[in-house]
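To start, the structure itself, in structure tokens.
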Amino acid sequence: MKKLSIIILFLVILSLGFSYLIPLPQKGNDGTFSFEAISKNDMASRPTRSSFPIYYMEIEDANTHLAAELDIFFINSWGEPLDDIQINLPANMVGVNNIEVFSLKINNKSVNFKSYTDKIIIYLPHTMMPEDTVIISLSFETHFKSNFTRFGKYDEIYLLSLWYPVIAPRIKDNWVSFQWIPHADPYFFETAIFEINLYTDKDIMSPHPYTHTGNHYRFKTLPIRDFSLVMGTLAGINRKIYNGPEISYYSRDHRIDLVTNTQDVFNFYSEKFGPYPYSSLVFVDVPMDYFKGMEFSGMIFLNEDQIIDLFTVAHEIAHQWWYSLVGNDQLNESWIDEGLANYAAYKYCQEKGLPVADIFKIYFSLAENTYRGFPIVRKLQDFPSAANYRQAVYLKGANFWIQVEEMIGEEETFNYLRKIQNQYQYEIIDTEILIQGLVEDYDLRASDLHKLLK
Ligand SMILES: [Zn+2]
């Protein structure tokens, strides 16, 4: 393509941005709960965690807010004693008292805790040893005020992402607090199971399977990264993928043949990265700041005010593997999921012979040049600007995998990523895991790989 048009497209893209069985706890005669825990080997190999927390919720839709009772059955699978547990209130990153907690108990008894705007530290009455369990009970309300950004209300549509209290993730023996950076995803979650009764008169757009009678919706999920929903009425279309999930697209104005494109992208990733375990994938057009798309477990928000191109769709779908099935610390190592989502979208467009693939390949190498000497494994707040963040993390992050491909070939790169999916499904990975695996499997030098991120 002509140089001028490449430059124009480059500027346009940069300016748009792209984010582009488990058992039930059993109540014993003495009133305590225990988990009939399934061993690691019964499910996909999970090297660090042996069981998922289960979130039981009763939710009443009071129109201006949701009123909820939450019991979290939590097993200490961290392999170390815990003296406290941190609960994060993610919606409170974006506004005051969006989530309000009214009572908190451990094993049905009062407990000492310290409240902050966006988190609560619970001081455990007894040290929790590895494999010990507790029930954390909270009453809370989630309010939908005028504030709106991924979470919130517009017209009569309610975006339920980031909306409930959640046990904080843990990295290097510390609970992780979230910190709002509007142009990034400054949160991530440990995989959990959700069993939810929701009472509402509104329509539901849900990637999670449910049954309903009247206004009573009953959900029971597989292990998922986050439980997000949309409530309200939008026209939907859906189509079942052969041997795959049902794809649904809800919108005021079905702008593109999203569902057809999605099927093709979906089949490509299933073959390259491994099967998608869930029964549905939901797209919803919503207004959004900063992003063309935003990923949640089984659900993708698309910015209704922007043109959605196929690269963006492919990027967002890739997050179902790299964010949702295999997670990472998005506050310190966002290059992992964003780099992989961009690399995956690039590979899809390349496979289809779309010119955008060649253009992106140029961007990736331009970013590598521009950001040489600028380490991309860094805290979100240490990026000087939103533009700098996008170029460095999204483009240089993808370039890492293009360089790996040059070292070991395309087929082995996909084999490796598939192996990571298989080995770390429902887990959190980090830069070290990715690099060490490449060093061991392909006899590469760790220093050469680290250099690509510096
Ligand atoms: Zn993304």
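Read the figures in this text as sums done on the coordinates, not as results from a lab. Predicted, not measured: the structure shown is a model, and the values here were computed from it. Ideal geometry is used to build each Cβ from the backbone, glycine not excepted, and the neighbour counts take in all protein chains shown.
Here are the numbers for this structure:
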{"item": "In order through the stretch 272-278: 3J(HN,Hα) via Karplus (6.51 cos²θ - 1.76 cosθ + 1.60), integer Hz, x for Gly, Pro", "result": "7, 9, x, x, 8, x, 9"}
{"item": "Within the stretch 404-432: backbone nitrogen closer than 12 Å to the His450 label point (7 Å, Cα to C-beta)", "result": "432"}
{"item": "Exposure proxy ranking, count of Cβ atoms within 10 Å, fewest first, for His254, His143, His315, His216", "result": "His216, His254, His143, His315"}
{"item": "FRET E, pair Glu432, Asn97, Förster distance 41 Å, beta-carbon r, rounded to 0.05", "result": "0.60"}
{"item": "GluC sites (Glu not before Pro) within the stretch 92-151: DSSP coil, no more than 16 neighbouring Cβ in 10 Å", "result": "Glu131"}
{"item": "Cβ-based net charge around Thr211, under 13 Å, with every Lys or Arg adding one and every Asp or Glu removing one", "result": "+1"}
{"item": "Estimated FRET transfer efficiency (Lys105, Gln381; beta-carbon r; R0 30 Å; 0.05)", "result": "0.30"}
{"item": "Spatially proximal lysines relative to Lys153 (Cα-Cα < 28 Å; intrachain offsets below 8 disregarded)", "result": "Lys119, Lys145, Lys202, Lys220, Lys292"}
{"item": "Virtual spin-label span in nm between Asp443 and Ser115, 7 Å along Cα→Cβ", "result": "6.1 nm"}
{"item": "Integer Hz, Karplus 6.51/-1.76/1.60 couplings in order for the stretch 111-117, x for Gly and Pro", "result": "8, 7, 8, 10, 9, 10, 4"}
{"item": "Under 5 Å, built H, 5+ apart or other chain: amide partners of Ser334", "result": "Arg378"}
{"item": "Spin-label proximity, Gln403 to the stretch 412-446 - amide N less than 19 Å from point 7 Å beyond Cα toward beta carbon", "result": "412-414, 416-417, 430-446"}
{"item": "Gained length - Asn422 relative to Glu131, 0.36 nm times residue gap less alpha-carbon distance", "result": "102.3 nm"}
{"item": "Positive dipole terminus of the chain, leading residue within Leu258, Leu66, Asn112 (C-beta point charges)", "result": "Leu258"}
{"item": "Helical mean residue ellipticity (222 nm; -39500 (n - 2.57) per DSSP H run of 4+; nearest 500) of the chain", "result": "-8500 deg cm²/dmol"}
{"item": "Estimated dipole of the stretch 47-227 in Debye, rounded to 20 [Cβ of Lys and Arg +1, of Asp and Glu -1, Cα centre]", "result": "240 debye"}
{"item": "Base-10 log of normalised Debye intensity for the chain (one unit scatterer per alpha-carbon) at q = 0.06, 0.11 Å⁻¹", "result": "-0.25, -0.88"}
{"item": "Taking Ser161, Ser248 and counting other C-beta atoms within 10 Å, the order from fewest to most", "result": "Ser248, Ser161"}
{"item": "Two-site label geometry, Arg255 and Asp203: point separation in nm, points 7 Å out along Cα→Cβ", "result": "2.0 nm"}
{"item": "Additional length obtainable on full extension of the chain from Ile171 to Trp78, 0.36 nm per residue less Cα span", "result": "32.5 nm"}
{"item": "The stretch 47-227: relative contact order in percent, alpha carbon pairs under 8 Å with at least 6 residues between", "result": "26 percent"}
{"item": "HN-Hα J in Hz across the stretch 358-373 - Karplus 6.51, -1.76, 1.60, θ = phi - 60°, x for Gly and Pro", "result": "5, 5, 5, 4, 5, 4, 4, 6, 4, 5, 4, 5, 5, 9, 5, x"}
{"item": "Cα-centred dipole magnitude for the stretch 310-367, charges only on beta-carbon of K, R (+1) and D, E (-1), debye, nearest 20", "result": "260 debye"}
